[in-house]
Amino acid sequence: MKNVQDENLPIWLPRLAVHGGPRFLQIADALQAAVVEGSLKPGDRLPPQRLLAAQLDVDLTTITRAYDEARRRNLLEGRGARGTYVAAPKVELNAILDLSMNIPPPPDGVDFDDMLKQGLSQVLMRADNELLMTYHLAGGSDSDRKAGAKWLAPMFGHLDSRQVVVCPGAQAAIAALILALTEPGDVILAEPMSYPGLRAAATQFGRHVIAVKADKHGMVPEMLDEACRQHKPGLVYLNPTLQNPTAVTIPERRRKELASIAKRCNVRIVEDDPYWLLADAPPPPIATFAPEQVYYISTLSKCLTPGLRVAFVLIPGPHERERFLVALRSFALMVAPLTAALDTQWILDGSADRLMEGVRNEARLRHWMARDILAGRYSGFGDGLHVWLELPGYWNSSQLARAAGSEGIAVTPAEAFATGSGSVNAIRISLGCIKDRGCLQAGLQRLSHLLARRPESFSAAVV
């Protein structure tokens, strides 16, 4: 392929990535980005399709599909023999309603700015400023670990703070556990639909994620037992409460069964549990049934705010903790001390509880809204940050995600979560990223109208 910096190529066109997805979508995405950024303006003429195909060393069909996709997004218009031009936008292209990112909604009645100012003021007044700006050993200070033990108390009761390790976010914790507990080539078992960060870390480290069948109650114990005997996995990964993306909560009886299998097969479980504190009466963590087999992760990012890049990992054994810390230090020396100090201040003075209660209440209001608007399709459980929406047969998930994107709505298709070759026809809708509840309502209504239309009618309407 020719270098995109060739002087004959349009300046808006990026290098086409080998693993960047279908090339026609890469080209369409580049067109949209150029329009948003202003490097392409309404009325600009695009290169003829055959010329662009030759310049990029792709076939003509790829360019035709890219231009067709751009027309569906209202980016282009054809003017007969005169060629293809950038269209005047029918909507604000940068006014995307983001239903794709799982973050806590801004709680009503909580002055977050004031809470942040008060918390930082307390930190700066009580802490040694030099210590806030220097290196620290991984794992957290004594006060940070005590805050972690308090954060985990609703799940486990009183904890010895020495069992708690402080990490710069759940993704870092997952990556460190993979490095500490597995070898290159090892298998990690997970549910068919699972957190994409697991697959990303496993692939980067040369581990293999294999899907274990799940039903409406989560991973099926008999299938886990069979997979453990067949694959001899290094780890089992579970997200058992309001699972991302399916929103399923594994019931207590099944948690006990999964823990029993882990003990019998001597396999360790990574229990990634970011939504436990947002759930309505969740079962006890799996770690309570097999404490020596389970590494439990709880992050503040999903309950309070993403800017608090702190997660607490419960690791009972000192030898296991040291192995974990050695792995963590290889890529993330420490949590930023100022952030850790703010987290600790909020947890110990009760601010974190107040903020989390506000997030929990706001999330439930948003679920009620989604249930009303998506009547007949809503399959949530009234709490947490997201809804798993199974699609009518005339849509597939990637097609629906692209169609929604062309109407200014971002959603996440099932393919993003698939750990195996199969997938389900569904999308994840996140309810927290849009700050204004009225804008969220408008986005859900637009999505509901889109779901009611068949793809053929949608295409006819926007071409």
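The values are calculated or read from the model by the stated rules, or taken from the named source; none is laboratory data. Not measured: the values here are computed from a predicted model. For neighbour counting, all protein chains shown are included, and Cβ atoms are generated from backbone atoms with ideal geometry for every residue, glycine included. Surface accessibility is based on the protein's heavy atoms, side chains included, excluding ligands, DNA and RNA. Shrake-Rupley method; radii C 1.70, N 1.55, O 1.52, S 1.80 Å.
Within region 35-65, the residues that satisfy the criterion of being closer than 14 Å to TRP12 by Cα, open to solvent by less than 60 Å² (accessible area, probe 1.4 Å) and touching a residue at least 24 places away in the same chain (Cβ under 8 Å) are VAL35, SER39, LEU40, ASP44, LEU46, PRO47, LEU52, GLN55, LEU56.
Every condition in (1) open to solvent by less than 10 Å² (accessible area, probe 1.4 Å); (2) farther than 16 Å from VAL166 by Cβ; (3) in contact with a strand residue (DSSP E or B) (Cβ under 8 Å, 6 or more places away or on another chain) holds for ILE297 except the one numbered (2).
Among the candidates GLU362, GLU456, single out the residue that is among the acidic types (Asp, Glu), in a helix (DSSP H, G or I) and open to solvent by less than 10 Å² (accessible area, probe 1.4 Å).
Working: GLU456 fails: open to solvent by less than 10 Å² (accessible area, probe 1.4 Å).
Just a single option satisfies the conditions, and that option is GLU362.
Can you confirm whether region 402-421 contains a residue that is over 16 Å from the mean Cα position of the chain (by Cα), farther than 18 Å from GLN32 by Cβ and crowded, with 17+ Cβ neighbours inside 10 Å?
So far as region 402-421 goes, no, none of its residues is over 16 Å from the mean Cα position of the chain (by Cα), farther than 18 Å from GLN32 by Cβ and crowded, with 17+ Cβ neighbours inside 10 Å.
Screening the candidates PHE324, PHE312, PHE331 for the property of being in a strand (DSSP E or B), touching a residue at least 24 places away in the same chain (Cβ under 8 Å) and under 24 Å from the mean Cα position of the chain (by Cα) yields one hit, PHE312. Of note, TRP388 satisfies the criterion of being under 18 Å from the mean Cα position of the chain (by Cα) and either modelled with pLDDT of 90 or more or open to solvent by less than 10 Å² (accessible area, probe 1.4 Å) (or both). May I ask you to list pairs of residues, at least six apart or on different chains, whose Cβ atoms are under 8 Å apart, with the first in region 393-420 being outside any helix (DSSP H, G or I) and the second being of a type in the set (Asp, Glu) and open to solvent by 20 Å² or more (accessible area, probe 1.4 Å)? Taking only residues 6 or more apart or on different chains, the pairs are GLY408/GLU92; ALA410/ASP98. Restrict the check to region 209-221 and report whether at least one residue is at pLDDT 95 or above and assigned to a helix (DSSP H, G or I). Yes: one or more hits.
With the requirement that a residue be of a type in the set (Ser, Thr, Tyr) and within 21 Å of HIS231 (Cα to Cα), what does region 264-295 give you? Listed by number, the list holds a single entry, TYR295.
So if I check each of ILE261, ILE269, which one is in a helix (DSSP H, G or I) and over 30 Å from VAL123 (Cα atoms)? Walk me through how you get there before you give the answer.
Details: ILE269 fails: in a helix (DSSP H, G or I).
When all the criteria are applied, what remains is ILE261.
Checking each residue in region 112-124 for being exposed (fewer than 11 other Cβ atoms within 10 Å of the Cβ) and modelled with pLDDT under 90 picks out only ASP113.
Restricting ARG323, ARG329 to those that are closer than 30 Å to ILE261 by Cα, surrounded by fewer than 24 Cβ atoms within 10 Å (Cβ to Cβ) and of a type in the set (Lys, Arg) reduces the list to ARG323.
Please tell me if ALA287 is assigned to a helix (DSSP H, G or I) and closer than 30 Å to GLY358 by Cβ.
Details: assigned to a helix (DSSP H, G or I): yes; closer than 30 Å to GLY358 by Cβ: yes.
Taking the combined requirement at face value, the residue satisfies it.
Checking VAL209 against (1) farther than 20 Å from THR299 by Cβ; (2) open to solvent by 50 Å² or more (accessible area, probe 1.4 Å); (3) within 24 Å of the chain's Cα centre (by Cα), which test does it fail? With (1) farther than 20 Å from THR299 by Cβ; (2) open to solvent by 50 Å² or more (accessible area, probe 1.4 Å); (3) within 24 Å of the chain's Cα centre (by Cα) applied to VAL209, the lone miss is (2).
Would you mind listing the strands (runs of 3 or more DSSP E) fully within region 66-173 where at least 2 residues are over 26 Å from ARG446 (Cβ atoms)? Before you say what the answer is, go through the steps one by one.
Details: elements: 76-78, 84-86, 164-167.
Output list reads 84-86, 164-167.
Here are ASP272, ASP280: which of them is under 30 Å from ARG253 (Cβ atoms), modelled with pLDDT of 95 or more and of a type in the set (D, E, K, R)?
Numbers: ASP280 fails: modelled with pLDDT of 95 or more.
Result: ASP272 is the single residue among ASP272, ASP280 that is under 30 Å from ARG253 (Cβ atoms), modelled with pLDDT of 95 or more and of a type in the set (D, E, K, R).
For a quick check of your reading of the model, give me the residue pairs whose first member lies in region 232-259 and is without any contact (Cβ under 8 Å) to a residue 40 or more places away in the chain, whose second is open to solvent by less than 10 Å² (accessible area, probe 1.4 Å) and in a loop (DSSP other than H, G, I, E, B), with beta-carbon atoms closer than 7 Å and at least 6 apart or on different chains. Taking only residues 6 or more apart or on different chains, the pairs are ILE250/PRO240; ARG255/PRO240; ALA259/ALA290.
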